[in-house]
Amino acid sequence: MITGSTPVLASADVVATLKFYEEVIGFGPSWTWGEPPTFGGCSFGSATLMFNLQPELAAKVFGHQHQISVEDADESYAKHVERGAKIISEIEDKPWGIREYTVEDPSGYHLRISGPLSGHREPSRPLPENVRIHRRLPTPEEYQAIAGAAFYRDAASPEFVLQSWNGVVAANPEGIAIGMVRIVNDAPAWFSIWDVAVLPDCQGQGIGLRLMNEALAMIREASPGAWVYLFTYHHGFYEKSGFGKETVSMRKV
């Protein structure tokens with residue numbers, strides 16, 4: 001089983017390259033090996049890059065690409081412009097469901113920096129004081145009661161619910177579930193969200209959006225940079241969590 005992957009990029013000057021990634025891109029702290037350094041690396045959140053002193057190879061890598069995921073592409077873009085980064089392509093929403101721009105590093109690598117689509121990072125409304133959010137799957141009984149009321153149809157079988165990876169439940173002061181969402185882990189770094197539902201009498205209070213954002217946070221913590229998809233029927237609602245208008249919509253976390 002693969003437990004990790006770290007790119008090792010060619011560099012003509014390891015020290016200068018690490019300085020760029022620390023001072024311009026925002027990675028750090030960095031480390032080096034050898035004197036003078038022939039190898040080094042740096043980290044930013046869960047992302048790690050390593051650099052090998054290979055001047056001849058570095059002279060041939062112009063335009064090679066590496067993708068970096070961020071929570072807010074616009075915020076990241078503003079910082080990189082302010083720090084004098086060489087912007088190769090301006091920030092824009094891409095048709096495949098991300099917001100992205102490209103920066104060139106000292107060796108000529110093109111860093112594609114991407115985040116959620118613009119206009120979709122809407123802050124969660126404060127929950128009603130009597131509502132609590134719990135990171136757990138709904139029980140089969142809770143699932144059937146909420147889905148039946150919210151979707152006006154019979155819910156899936158209990159066995160189907162228990163096969164989910166995890167979930168989020170909203171409950172009232174008595175501990176009764178009034179909203180839920182299921183998360184399925186389809187493959188490594190691939191997840192899907194199903195059955196976002198709130199009891200009709202409790203809708204319109206921001207509970208559904210809070211459930212979605214909590215589910216996305218759980219996926220991000222478990223697998224940073226993972227892809228998440230869903231079948232989008234209530235477009236206006238799901239767009240607030242960074243998904244597109246297509247029937248099958250995807251986004252990264």
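If you go through the range 180-190 one residue at a time, how many are free of Cβ contacts under 8 Å to residues at least 40 places away in the same chain, in contact with a strand residue (DSSP E or B) (Cβ under 7 Å, 6 or more places away or on another chain) and not in a loop (DSSP other than H, G, I, E, B)?
Counting residues in the range 180-190 that are free of Cβ contacts under 8 Å to residues at least 40 places away in the same chain, in contact with a strand residue (DSSP E or B) (Cβ under 7 Å, 6 or more places away or on another chain) and not in a loop (DSSP other than H, G, I, E, B) gives 6.
Yes or no: the range 198-215 includes at least one residue that is in a helix (DSSP H, G or I) and basic (K, R).
Applying the first criterion (in a helix (DSSP H, G or I)) to the range 198-215 yields 200-202, 207-215.
Now narrow it down to the ones that are basic (K, R): 210.
Looking through the range 198-215, at least one residue is in a helix (DSSP H, G or I) and basic (K, R).
Within the range 1-23, work out how many residues are of a type in the set (A, V, I, L, M) and part of a helix (DSSP H, G or I).
Pass one, the range 1-23, residues of a type in the set (A, V, I, L, M): 1-2, 8-10, 12, 14-16, 18.
Still in the list and also part of a helix (DSSP H, G or I): 14-16, 18.
Of the residues in that region, 4 qualify.
Among the listed residues A150, A145, which satisfies the condition of being outside any strand (DSSP E or B), out of contact with any strand residue (DSSP E or B) (no Cβ under 7 Å at 6 or more places or on another chain), modelled with pLDDT under 90 and over 28 Å from P95 (Cβ atoms)?
Working: A150 fails: out of contact with any strand residue (DSSP E or B) (no Cβ under 7 Å at 6 or more places or on another chain).
Exactly one of A150, A145 is outside any strand (DSSP E or B), out of contact with any strand residue (DSSP E or B) (no Cβ under 7 Å at 6 or more places or on another chain), modelled with pLDDT under 90 and over 28 Å from P95 (Cβ atoms), namely A145.
Would you call D13 of a type in the set (D, E, K, R) and crowded, with 18+ Cβ neighbours inside 10 Å? Quick ask: steps written out before the conclusion?
On the way: of a type in the set (D, E, K, R): yes; crowded, with 18+ Cβ neighbours inside 10 Å: no.
For D13, the condition - of a type in the set (D, E, K, R) and crowded, with 18+ Cβ neighbours inside 10 Å - is not met.
Go through the range 65-125 and tell me which strands (runs of 3 or more DSSP E), entirely inside it, have 1 or more residues that are surrounded by 18 or more Cβ atoms within 10 Å (Cβ to Cβ) and modelled with pLDDT under 90. Walk me through it before giving the result.
Numbers: elements: 65-69, 86-93, 99-104, 110-115.
Filter on the range 65-125 gives 65-69, 99-104, 110-115.
Counting just the residues of the range 174-221 that are under 21 Å from Q144 (Cα atoms) and touching an Asp or Glu at 6+ places or on another chain (Cβ under 9 Å), which one comes out surrounded by the most Cβ atoms within 10 Å (Cβ to Cβ)?
M180
The values are calculated or read from the model by the stated rules, or taken from the named source; none is laboratory data. Just so it is clear, the model here is predicted, and its values are computed rather than measured. In this analysis, Cβ positions are derived from the backbone assuming ideal geometry, glycine residues included, and neighbour counts consider all displayed protein chains.
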